[in-house]
1. Order these peptides, 118-128, 182-192, 48-58, by their mean beta-carbon neighbour count within 10 angstrom, highest first.
2. Hey, if you drop one equal point scatterer on each alpha-carbon of the range 162-214 and run the Debye formula without solvent, what base-10 log of I(q)/I(0) do you get at q = 0.16, 0.24, 0.32 Å⁻¹?
3. Could you grab the relative contact order for the chain? Cα pairs under 8 Å, six or more apart, rounded to a whole percent.
4. Against the longest principal axis of the chain, how steep is helix 163-173, in degrees 0 to 90 to the nearest 10, with axes from Cα atoms?
5. Any chance you could list P(r) for the range 31-76, counting all Cα-Cα pairs in 10 angstrom bins from zero, rounded to whole %?
6. Using alpha carbons only, how many angstrom separate the centre of the range 155-184 from the centre of the range 55-86?
7. Please state the relative contact order of the range 28-90 as a whole percent: Cα pairs under 8 Å, 6+ residues apart?
8. Taking only DSSP H segments of four or more residues, each worth -39500 (n - 2.57), what value at 222 nm results for the chain once the sum is divided by all its residues, to the nearest 500 deg cm²/dmol?
């Protein structure tokens, strides 16, 4: 069973500089995949404003998505659809690797559509959702429910963070000390501690550590 992730650029048509924005996405993705090499299929652009990746577990997908959210600068962000289901390769003479398709991708697309609805209605800060393909929905019902509860809370906290606090939180997820982060940012250790504490970063960091990916 695979975990398919589709990342959809938010407001892609309104970006003032699409080329620079894509560079920011590419740089953040490369950084995350270096710091947390858990993807079985690296996140890569597909068509238009979408990127896709495949992970071996829900935990791996959740960890990678969190770091990517934290790594991206202000003004560029994704919404994420996570799909539980088979991911297959269809042979094609136009591609050596074939064409990736299957129920995992369809579930991820449905999850993207649900996130977009949440943003417009009840949860403006929502950025991530998980859905299991109907063929495995009963088997994963509890995991899907718990994961979505976690994602709603996590997105709410991350969504209110400043760009600097996201960088600091990223560093803490990777077990960098507050002193190291302060030196990198050119600020005091006290400012790092206060910024993290005010933003609720400790809960995000502890949640990441509970995924047990490092």
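1. Top of the packing list down: 48-58, 118-128, 182-192.
2. The Cα Debye sum returns log10 ratios of -0.40, -0.86, -1.34.
3. In percent, rounded to a whole number, it is 20.
4. Computed tilt is about 80 degrees.
5. Whole-percent P(r) values from 0 Å outward: 25, 56, 19, 0.
6. Taking the Cα centre of the range 55-86 as reference, the centre of the range 155-184 is 17 Å away.
7. On the way: 49 pairs, mean separation 17.6, N = 63.
It comes to 28 percent, rounded to a whole number.
8. Using -39500 (n - 2.57) per qualifying helix, the result is -16500 deg cm²/dmol.
Where a number appears in this text, it was derived from the coordinates with a stated rule and is not lab data. All figures in this text were calculated on a predicted structure; none of them were measured in a lab. Positions of Cβ are backbone-derived with ideal geometry, glycine not excepted, and every protein chain shown enters the neighbour counts.
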